[in-house]
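Colleague: So that we are looking at the same thing, I have put the structure below in structure tokens.
Nothing in this text is a laboratory measurement; each read-out follows from the coordinates by a stated rule. None of these values were measured; they are calculated from a predicted model. Note that we place each Cβ from the backbone using ideal geometry, even for glycine, and neighbour counts take in every protein chain shown.
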Amino acid sequence: MVTEPVLRGYLLEEVLAWLLRSSGYELLSAADEEEKDPERRVLAQRNNGLAVRGRGAWHQADALGQFRYVPPFSLPVRLFVEAKFTGRNVKLPTVRNGHGVVHDVNENVVTSIRGVGPSRPRTRYRYSYAIFSTSGFSRDAQEYALAHQISLVDLSMPDFEGLRTLVSSTAKRVHVALNELPVGSRPPVHRLRGYLRDRLLRTVDAYPLFDGESPLLHPIAAGPLDHLAERLSSRQTLGLVLAFPSAPFVLGLASEKLYDFVNYAREDPTHTVHLRRLRRSASHPLWEVRSAGNPDAYAMTFSLPEQVESWILAQDEAVGSRTRWIKRSVLSTMTIYWLHGDHALTFQLRYAAAELRQ
């Protein structure tokens, strides 16, 4: 039977995948594979869940999303989501494995499918990889990720405490429920994940994974998952949105009132912001972003990669100049995508050197 720590990670992946849907990513399953010939498919359902074909092997994809729109002069973007809910920070081997996966699947290049007649073009994709951790990342893991464009999102900051507590308590309740069931009646992990994903998708009128009713689970196992889905759909838990700066990393913006930002940004999609360092305890410094025109409209927090913070603060006399360089070269704009109905909205947050305050 699955252990409680492993179950926490699996549930966190499903929750994050659902939250990232707001950033324009749609969850994929084997049913989204359009190729009928099994020898030519890139997505397949295996015993452990969804798998993606690479050049040299098939790779498990616990959560895989596809961005709704194709960037200009690019390929459709797909994102692997991996979550680690542990008491230790994520080390280099986890990040190195993520790089190996995306390198292999991006090397699986077949531009056309040849048959008896003219060759048929084949859809290609650009795969990316994001790792979320509730305990941060080691320094070498961060450096490797920056070098190879693996996105790391630190969920250890205080703003994510509500999310961590909700997932942890749900995993504990589900694990207790599984122990109460006879061994032969305990559902496998993929059924638990499928049930939760289906429940979450139904809350937003998205296409469910299953026709008709959700897969049946014993009530004592289904109850905690139903509660988790209800809490998330009611937005009683904080929101998460991805922001894309002019840098080889992604920022995870957290807010207890995410819709305050969304409503403001819908009225003013491109606006200037204030950015300041918060003076409170965390695994490393937090930053807060607010509208420059109306600072009380919303507030969101994020953290920069630790090595970027270390470089800024390495010399006291150079903090100001290094901060200005970060602004000019890295944080000049942050682009945010938000899924509203069937449309992906684009917001841009911009700020000048005078508006970056420590």
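Colleague: Can you tell me the relative contact order of the chain? Whole percent, Cα pairs under 8 Å, sequence separation 6 or more.
Modeller: 15
Colleague: Mind giving me the FRET efficiency for Ser234 and Asp37? R0 is 51 Å, r the Cβ-Cβ distance, nearest 0.05 is fine.
Modeller: 0.70
Colleague: I've got another one for you. Ranked highest first by the average count of other Cβ atoms within 10 Å around their residues, in what order do 8-14, 99-105, 339-345 fall?
Modeller: Put in order of decreasing packing, that is 8-14, 99-105, 339-345.
Colleague: Next up: What does the net charge come to around Gln307 if you take all other residues with beta carbon closer than 9 Å to its beta carbon, with K and R at +1 and D and E at -1?
Modeller: -2
Colleague: What is the extension gain from Thr3 to Ala147, computed as 0.36 nm multiplied by their sequence separation minus the C-alpha to C-alpha distance, in nm to one decimal?
Modeller: 48.5 nm
Colleague: If you don't mind, there's one more thing I want to ask. Can you give the FRET efficiency to the nearest 0.05 for Asp342 and Asp268, using r as the Cβ-Cβ distance and R₀ = 25 Å?
Modeller: Result of the calculation: an efficiency of 0.65.
Colleague: Once R0 is set to 41 Å, what does the formula 1/(1 + (r/R0)^6) return for the Cβ-Cβ distance between Ala30 and Asp140, expressed as a FRET efficiency to the nearest 0.05?
Modeller: About 0.70, to the nearest 0.05.
Colleague: Let me ask you something else. Taking 0.36 nm per residue of separation and subtracting the Cα-Cα distance, what length does fully extending His99 through Arg350 add?
Modeller: 87.3 nm
Colleague: Let me ask something additional. Assuming a ≥ b ≥ c are the square roots of the Cα gyration tensor eigenvalues, decide whether segment 116-186 counts as rounded (a/c under 1.5), prolate (otherwise, with a/b larger than b/c) or oblate.
Modeller: oblate
Colleague: Another question, then. Give the dimensionless ratio obtained when the Cα radius of gyration of segment 65-109 is divided by 2.2 N^0.38 Å.
Modeller: In units of the globular-protein estimate, segment 65-109 measures up at 1.47.
Colleague: Answer with a single label: of [x] 1.03; [y] 1.69; [z] 1.33, which was calculated as Cα Rg over 2.2 N^0.38 Å from the structure in view?
Modeller: [x]
Colleague: Over segment 118-196, what relative contact order in percent results from Cα pairs under 8 Å that are six or more residues apart?
Modeller: Relative contact order, segment 118-196: 24 percent.
Colleague: Please work out whether segment 20-154 counts as rounded, prolate or oblate from its C-alpha gyration tensor, where a ≥ b ≥ c are the square roots of the eigenvalues and a/c under 1.5 means rounded, while otherwise a/b larger than b/c means prolate and anything else oblate?
Modeller: It comes out prolate by the Cα gyration axes.
Colleague: If packing is taken as the mean number of other Cβ atoms within 10 Å per residue, what is the order of 182-188, 138-144, 302-308, highest first?
Modeller: Per-residue Cβ counts within 10 Å, averaged per peptide and sorted highest first, yield 302-308, 138-144, 182-188.
Colleague: Which aspartates and glutamates have a Cα less than 20 Å from the Cα of Lys84, not counting those fewer than 8 places away in the same chain?
Modeller: Within the straight-line cut-off, Lys84 pairs with Glu4, Glu13, Glu14, Asp62, Asp140, Glu143, Asp154, Asp159, Glu161, Glu306.
Colleague: Same structure, new question: So if each residue of separation counts as 0.36 nm, and I subtract the Cα-Cα distance between Glu309 and Arg88, what length gain in nm does that give?
Modeller: Here the answer is 77.5 nm.
Colleague: Which of the peptides 16-24, 43-51, 258-266, 163-171 is most tightly packed, and how do the rest follow, going by the mean number of other Cβ atoms within 10 Å of each residue?
Modeller: Answer by packing, highest mean first, reads 16-24, 163-171, 258-266, 43-51.
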